[in-house]
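As structure tokens, the structure follows; a few thoughts come after it.
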Amino acid sequence: MKNVIKAVIFTIIFILIFIVCYRVMMRKGYNMLAFYEQDENSLDLIFFGSSQSYASFDPRIIDEKTGLNTWNLATAQQPIPITYYYMKEALKTQHPKYFVLEIRMLSWNNEYAEGGIVRGAVDGMKLTQNKIDAVNTSVKDERDRLSYLFNFIMYHSRYKELSKDDIKWAWPSKKIKYSEKGYVYLKSDEETNIDNDEIISKSKGKEEELLAINQEYFDKIINLAEENNIQLILVKVPCQLDLFGEMQYNTVKKIAAEKNLIYIDYNEKFDELGLKIDEDFYDNAHLAQPGAEKVSNNFADYINSLEKEK
């Protein structure tokens, strides 16, 4: 009996030590962890998409101007299937009025993203069926999937680079402030060069099919929003366009019209926004903080107009 008790105590201690080590050394997705700590049904609008979303829409500006409570759940090159599972995960605790999808990744033509992209998206997710489904859909090799579900397997040796944030975020709580709300600040780069006139002209009236998996999950996103009575808004932020991608955006625009969805292309609003290439861009694909402020203010005005119609 003594040996049994000792074995039980040892097992309990081992499990506790393992949990502590796992939570401290795991690679954390701070934005998603902070999102989980928001009060239930407290968010009115949630952004999704790639880095073009989190560099363009500052929830703090939109909150102040609209009186709504918003959050940006974009991640770097966020694959469309993962966007869908992010939306499903968000609906477990929130029921916003609006989902805003930045459509850059609908023009992505690789079925599987690089491992670091997928890890960056799923690391902060709780171990739910949505995370399992996101990993199963986004990671081609079944043998690798376990390390995406339990990233401690991948990052167990990162003890050399641990910081205070790793301790603080091991057991997050509502007391932890994450004031950026998903927005990422980028500095201006005077050497940015953007010219879309020729591409827009050549692509006019032309369409290209979306990658099959992107079309499948785009349809699921549309249905998910409709089933939950959420207004889905599609946006394309200012950036350097490419011809094939612009023709795919034309397809998205057509689908939006057929489904009665809002579609906003900020590449058609350079003059309206007063965008300056050498001041408002970080590079050809991302807005810097001054540009993000202009886009966020414009988007907030649009949301205010929608709110007045209700």
Filter the stretch 52-76 for residues that are touching a Gly at 6+ places or on another chain (Cβ under 8 Å) and in a loop (DSSP other than H, G, I, E, B); the one that is farthest from F218 (Cα to Cα) is S56
Exception for I200 within (1) modelled with pLDDT under 95; (2) under 23 Å from the mean Cα position of the chain (by Cα) falls at (2)
Considering the stretch 1-51, residues that are closer than 20 Å to Q78 by Cβ and in a helix (DSSP H, G or I), and then whichever is modelled with the highest pLDDT, we arrive at S51
Note on the stretch 251-275: residues surrounded by 15 or more Cβ atoms within 10 Å (Cβ to Cβ) and over 22 Å from I46 (Cα atoms) are T251, K269, F270, L273, L275
Checking K254, K294 in turn, the sole residue that is closer than 26 Å to L186 by Cα, modelled with pLDDT of 95 or more and out of contact with any Ser or Thr (no Cβ under 6 Å at 6 or more places or on another chain) turns out to be K294
Within the stretch 232-250, restricting to residues that are within 14 Å of V295 (Cα to Cα) and β-branched (V, I, T), the one that is surrounded by the fewest Cβ atoms within 10 Å (Cβ to Cβ) is V235
Restricting the stretch 68-80 to residues that are crowded, with 24+ Cβ neighbours inside 10 Å and out of contact with any Leu (no Cβ under 7 Å at 6 or more places or on another chain), the one farthest from S53 (Cα to Cα) turns out to be P79
* Asked: With respect to K177, is the statement that it is at pLDDT below 65, part of a loop (DSSP other than H, G, I, E, B) and not hydrophobic (A, V, I, L, M, F, W, C) true?
  -> yes
Among helices (runs of 4 or more DSSP H) entirely within the stretch 214-300, at least 1 residues that are more than 17 Å from I103 (Cα to Cα) occur in 270-273, 277-280
Residue hits (the stretch 94-137; modelled with pLDDT under 95 and among the small types (G, A, S)) are A113, G115, G116, G120, A121, G124
Notebook entry, point to check: Taking the stated definitions as given, is L275 of a type in the set (A, V, I, L, M) and within 18 Å of L234 (Cα to Cα)?
Noted result: no
- Query: Is it fair to say N304 is part of a helix (DSSP H, G or I), over 16 Å from F47 (Cβ atoms), among the polar types (S, T, N, Q) and in contact with a Ser or Thr (Cβ under 7 Å, 6 or more places away or on another chain)?
  - Reply: yes
* So L45, is it in contact with a Lys or Arg (Cβ under 9 Å, 6 or more places away or on another chain), over 28 Å from V118 (Cβ atoms), of a type outside the set (D, E, K, R) and surrounded by 17 or more Cβ atoms within 10 Å (Cβ to Cβ) -> no
Filter pass, K220 being among the basic types (K, R), closer than 24 Å to L91 by Cβ, surrounded by 14 or more Cβ atoms within 10 Å (Cβ to Cβ) and under 20 Å from the mean Cα position of the chain (by Cα): yes
Residue pairs within 7 Å by beta carbon, gap of at least six or interchain, first lying in the stretch 136-149 and under 13 Å from Y112 (Cα atoms), second charged (D, E, K, R), listed first then second, are N136/R145; V139/R145
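The values are calculated or read from the model by the stated rules, or taken from the named source; none is laboratory data. This structure is a prediction, so every number in the text was calculated from the model and none was measured. Glycine gets a Cβ as well: all are built from the backbone with ideal geometry, and neighbour counts include every protein chain shown.
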